[in-house]
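The values are calculated or read from the model by the stated rules, or taken from the named source; none is laboratory data. Bear in mind that the values here come from a model prediction, so they are computed numbers and not experimental data. So basically every Cβ, Gly included, is an ideal-geometry build from the backbone, and we count neighbours across all protein chains shown.
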Amino acid sequence: MAPPDMKTIINTLKETRQLLISNFLNYTAVNFMKHHADVLDEYFCAGFHLNQSRCKTLSAFPYAIVALGGYGRKEQCIHSDVDLLFLFKRSIPDKAVQLIRDMLYPLWDMGLDVGHATRTLNECLSLAGQDIEVLTSLLDARLVCGSRQWYDQLMMQLRKKVITPGSDRIIQSLVQRNEDRHQHFGDSSYLLEPNLKDGQGGLRDYHTILWIAKIKSGLKQPEDLETMGFMSHDEYHCLTEALSFIWHVRNILHALSGRVCNQLYFEFQIKISQTLDIKEKDGHMPVEIFLGTLHEKMDWLKHEFLLFLNEQGYRPIGRLPMDSIGRTADSDLRLIKNTLHFASPLKILHRPDLLLKIFEESARLNIPLSAEAIRMVREFSHLADDTIVNCPSAVESFNHILLSPVRHFNVLSEMMTTGLLVQIIPEMGAIVNRIQYDEYHLYPVDKHTLRTVKAVKQFTLAPEKPENEFQEQVYKELSKPLLLLWAALLHDIGKGVAGEDHSDAGAKLVRTILAKKKFSPSDIDTVAFLVREHLTLITTATRRDINDEETAINCASKIRDIERLKMLYLLTVADSMSTGPKAWNDWTGSLLRNFSLKVLNVLEKGELASSEAVEIVREKKGRVLNSITEPEDRKKAESLLNFMAPRYLLYANANDIVTHIQLYSRLEHADFVWDISRSEETNTRTVTICARDFPGLFSKIAGVFTLNQLDILDVQVYTWRNNIALDIFKVKPPPDLIFENERWERAEEHLQSVLSGKLNLSTALQEKLADYGRYIPYTSKRKHKIVVDNEGSSFFTIIEVFTYDFPGLLYRITDALFRCGLDVWVAKIATKVDQVVDVFYVRDFDGQKIDAPDQVEVIKIEIAKVLPETGSL
Amino acid sequence: MKKIEAIIKPFKLDDVKEALNEIGIQGMTITEVKGYGRQKGHKEIYRGAEYIVDFIPKIKIEIIVESEMIDRVLETIRKASKTGKLGDGKIFVTPVEEVIRVRTGEKGKDAI
């Protein structure tokens, strides 16, 4: 019978492959991949024989078809590429190249990704010596058909000429390449969209294990990992389980995406969890359970890989502990070859505290545990029960671990993987591999928690960017950084509690956990506070107006304590940084820092957010509301109180506030209303004005008083947040008391006309002020002083003017401020005989402070111009 | 068609988004931006060290609308982003020549 022609061969491949793939879910992953490789093998065998029969000259040049890489290992996933080598002895006839193409083109047309090389034996050897990628693919080489002789020769010479002489160098560079690959693809044991092949904990880690075992001991098949003693029986069992899960997921991913796709993108995750038929459990979505399982498997593979490298004596280059000269402080622990060991397994049974002690030593000496010690901690961690882990010396050991910087490796993560951390804090069990299925939380809760602790520790290291200097400085000022580290470790522990706000639930858990560990009540309070409020700063900074003083004051009165604010700030930074790039960037960072500094400023000044101030304001609000009987009015007053500035609430007395609320209710659509009260004993008048605020209002009112020869003795200016200005002027009564009422009426008319633009105040005043000029006593020799202070408040530039009194002074100064583009928010004017101190809290019309030196200079010059010495009076 | 670019305070984003949804605008591009206007940044002082805040964090919203919608959209953004205080940001309007939906190739009004 004549051999089948190319067309028949290709159709057979198409059909069998199609059938296999459409049924892939009925196979175990390993079986499917093996069948898939076999189908391809059959195609190449048939193709090979056809070529032999078609071209007689070819038989003079025997060759071998060799499967490489994943195809060589028979790990042929649905869309995996097909790596091939056509191996010739010495030379390659042109005809052969043509025939090989005939065999490969139909595969490309089918959409298979075929990579092939046609090489002679010597070419293979010299390339393998130069290129590690060629070498690793040859390590997995498998003869498909053709000349077994050439194949055997290649394998033999490869070992003799390339592998044996360079084994150490090759392994070292494999380890290095793995390290680089992990850097690039990230850690699949927690990433949101893990890479099944190239990430840390991915299939490549397993391949690297195989390659190293092949190089070192000539391993033939994966089972040899156990028989040759690279792994224990249990470990090999876990390995096959982890691999078959990952391969299965990979096949599904290939099927869904229709291409070679190794990155588990979001769009496929839910579909995969459906294909795997995972059911919802304990309020966790199927996709969350699926990812949790996958992370667990990949995490296992990642650690097994590290353990393997460690035992084989290879550690990633550049990570060898540098400063590991030291002795263990515990006689039951040993320091051998830069790793820590238990003196004997028996010791652990007698002294379970050694399980914790070994990590304390590891952190102190900056030396990792040996692979065997890690195995023992895994096995024996159950011995560390509540009494052991909560005794004072164990708590102290753990505190030391928390406080020690993360250098070459993270002791806490080691404690987490071995299960010891959950023994120490059982409440953490609920957040291990807890996935939050969204794009915001990049890491499972436990990994995020450890990252947060690490981020806090890194505040102490030399800052990488200038903006981190600030965090470093704040950290250095903390008197008890340990409390911050505990808060970082426990801040999300409430996420394991279903159906409750995680901050509140967490704060409660913190109290139980730390009480068991005998922390002092005030320390427990602090950590519980930090955990409960760990989102306060970031939510306020991003969702409230941070340029509003009120926002900072509210936040400050909640925090109350400077040390707590500092810890909260650092916790917020570390938490956000460890959540992912969507939660932390320069933009959020600067928002948070600006806001925290403003809150700090409020707390340091103490004036408005001290506990007394908070209490006074609270009590005053109560009195104001109680004095209003009408429910309707009380409701209005209540909402109005929310608009009032803290400064006003603190300094105005309750009766006056009630009067002011009444005054405000008369305002309605008018520009302003005022109320004049007479105090006969001091012979002064108090004018309370309630008006719609706009820049320059203050100077206009002052100008109208001056125009009417009403001397201003004292002013308090307040701005409410509903854009209402409340100005309280204390003035001398007009000289002619008989016509006082008429005088007030005229002043009111003036102000009305000024505000409606009918009267030009500066023209009207020019004449008046010229009149005044003659009466000014030039007797004072004191120089006046203008101070512009930008440090007293984060929200306002404070301008203080020390001068002596003369008529129209206030109008002149406030008018100068207005001309400089400044809006007066608060003013305190005090006149003693002829000495005046005027204080203004100002911002520009865009609501910003004025702190550019040239602008400050302009303001000083403009004010100085209107003061008498240099004035043009 | 017009492109509207509005620079607003970060905490006003939700209000603006909601108000725009109410008048039927659903698509918009939101960017976290930093910038300064008349003011050349300011200083924060902490323990004697100065931290220059060159740029102030703001949110930029970009929307493409039909020309006849423009007044309504502008008024909505203005109202929603106003805090009653100064420094509430700015809105820019520019003409847009063409809009094309990549998937279908639709143009103009249909592609918005």
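Odds and ends about this structure:
- Any hit, the range A:451-464, residues being free of Cβ contacts under 8 Å to residues at least 60 places away in the same chain and within 14 Å of chain B (Cβ to nearest Cβ): yes
- One residue stands out in the range A:56-99 among those that are polar (S, T, N, Q) and in contact with a helix residue (DSSP H, G or I) (Cβ under 9 Å, 6 or more places away or on another chain): the one that is modelled with the lowest pLDDT, namely A:Thr57.
- Residues that are touching an Asp or Glu at 6+ places or on another chain (Cβ under 6 Å) and free of Cβ contacts under 8 Å to residues at least 40 places away in the same chain within the range A:341-357 comprise A:Ala343, A:Lys347, A:Leu354, listed in sequence order.
- Residues that are within 14 Å of chain B (Cβ to nearest Cβ) and of a type in the set (Asp, Glu) were ranked within the range A:782-823; the one that is surrounded by the most Cβ atoms within 10 Å (Cβ to Cβ) is A:Asp823.
- Scanning the range A:420-433 for any residue that is in contact with a Pro (Cβ under 7 Å, 6 or more places away or on another chain) and either touching a residue at least 40 places away in the same chain (Cβ under 8 Å) or not aromatic (Phe, Trp, Tyr) (or both) turns up at least one such residue.
- Meets criteria (outside any strand (DSSP E or B) and either surrounded by 14 or more Cβ atoms within 10 Å (Cβ to Cβ) or of a type in the set (D, E, K, R) (or both)) for A:Val673: no
- Selection status of A:Val704, at pLDDT 85 or above, in the same structural domain as A:Leu759 (by TED's automatic domain parsing), within 21 Å of A:Ala816 (Cα to Cα) and assigned to a helix (DSSP H, G or I): yes
- Selection of the range A:549-587 for residues being more than 29 Å from A:Arg647 (Cα to Cα), hydroxyl-bearing (Ser, Thr, Tyr) and either within 11 Å of chain B (Cβ to nearest Cβ) or not in a helix (DSSP H, G or I) (or both) yields an empty set.
- If the condition is being closer than 16 Å to A:Pro481 by Cβ and among the hydrophobic types (A, V, I, L, M, F, W, C), then the range A:518-528 contributes A:Phe519, A:Val527.
- Residue check: A:Asp109 meets all listed conditions (1) loosely packed, with under 13 Cβ neighbours inside 10 Å; (2) farther than 30 Å from A:Asp277 by Cβ; (3) under 43 Å from the mean Cα position of the chain (by Cα) but one, namely (3).
- Hey, B:Thr104 modelled with pLDDT under 85, assigned to a loop (DSSP other than H, G, I, E, B) and surrounded by 13 or more Cβ atoms within 10 Å (Cβ to Cβ) or not: no
- Residues that are modelled with pLDDT of 85 or more and surrounded by fewer than 19 Cβ atoms within 10 Å (Cβ to Cβ) within the range A:433-469 comprise just one, A:Lys454.
- Screening A:Asp198 against (1) of a type in the set (Asp, Glu); (2) crowded, with 16+ Cβ neighbours inside 10 Å; (3) within 19 Å of A:Glu311 (Cβ to Cβ) leaves a single unmet condition, (3).
- Residues in the range A:824-835 that are part of a strand (DSSP E or B) and away from chain B (no Cβ under 14 Å): A:Val826, A:Ala827, A:Lys828, A:Ile829, A:Ala830, A:Thr831, A:Lys832, A:Gln835.
- Being in contact with a Pro (Cβ under 9 Å, 6 or more places away or on another chain) and either at pLDDT below 85 or more than 8 Å from chain A (Cβ to nearest Cβ) (or both) holds for only one residue in B:Lys82, B:Lys34, B:Lys17, B:Lys90, and it is B:Lys34.
- Flag if A:Ser53 is buried (at least 21 other Cβ atoms within 10 Å of the Cβ), of a type in the set (Gly, Ala, Ser) and either farther than 28 Å from A:Leu243 by Cα or modelled with pLDDT of 90 or more (or both): no
- Qualifying positions in the range A:678-701 - in contact with a helix residue (DSSP H, G or I) (Cβ under 8 Å, 6 or more places away or on another chain) and modelled with pLDDT under 85: A:Pro695
- Applying the criterion of at least 3 residues that are over 24 Å from A:Leu301 (Cα atoms) to the helices (runs of 4 or more DSSP H) found wholly in the range A:352-424 leaves A:354-365, A:386-389, A:392-403.
- Leading residue by the ranking (farthest from the other protein chains (Cβ to nearest Cβ)) among those in the range B:46-76 that are in contact with an Asp or Glu (Cβ under 9 Å, 6 or more places away or on another chain), surrounded by 15 or more Cβ atoms within 10 Å (Cβ to Cβ) and at pLDDT below 90: B:Lys58
Each row is one residue, and each column tells you yes or no for (1) in contact (Cβ under 8 Å) with a residue 24 or more places away in the chain; (2) outside the structural domain of A:Arg560 (by TED's automatic domain parsing); (3) among the hydrophobic types (A, V, I, L, M, F, W, C).
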| site | (1), (2), (3) |
| --- | --- |
| A:Ala583 | yes, no, yes |
| A:Arg593 | yes, no, no |
| A:Leu603 | yes, no, yes |
| A:Pro631 | no, yes, no |
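- Single residue of A:Leu603, A:Leu592, A:Leu597 found to be in contact with a strand residue (DSSP E or B) (Cβ under 7 Å, 6 or more places away or on another chain) and either outside any helix (DSSP H, G or I) or at negative phi (or both): A:Leu597
- Odd one out for A:Asp838, checked against (1) in contact (Cβ under 8 Å) with a residue 60 or more places away in the chain; (2) away from chain B (no Cβ under 14 Å); (3) in a strand (DSSP E or B); (4) under 23 Å from A:Val754 (Cβ atoms): (1)
- Looking only at residues in the range A:510-544 that are buried (at least 18 other Cβ atoms within 10 Å of the Cβ) and not in a helix (DSSP H, G or I), the one that is nearest to the chain's Cα centre (by Cα) is A:His534.
- Screening the range A:216-276 for helices (runs of 4 or more DSSP H) wholly inside it with 1 or more residues that are closer than 27 Å to A:Ile21 by Cα returns the ranges A:233-257, A:266-275.
- Selection of the range A:591-618 for residues being within 14 Å of chain B (Cβ to nearest Cβ) and either over 17 Å from A:Asp548 (Cα atoms) or of a type in the set (Val, Ile, Thr) (or both) yields A:Val599, A:Val602, A:Glu604.
- Put simply, of A:Gln76, A:Gln52, A:Gln18 the only residue that is closer than 22 Å to A:Cys261 by Cβ, out of contact with any Cys (no Cβ under 9 Å at 6 or more places or on another chain) and either of a type in the set (Phe, Trp, Tyr) or part of a helix (DSSP H, G or I) (or both) is A:Gln18.
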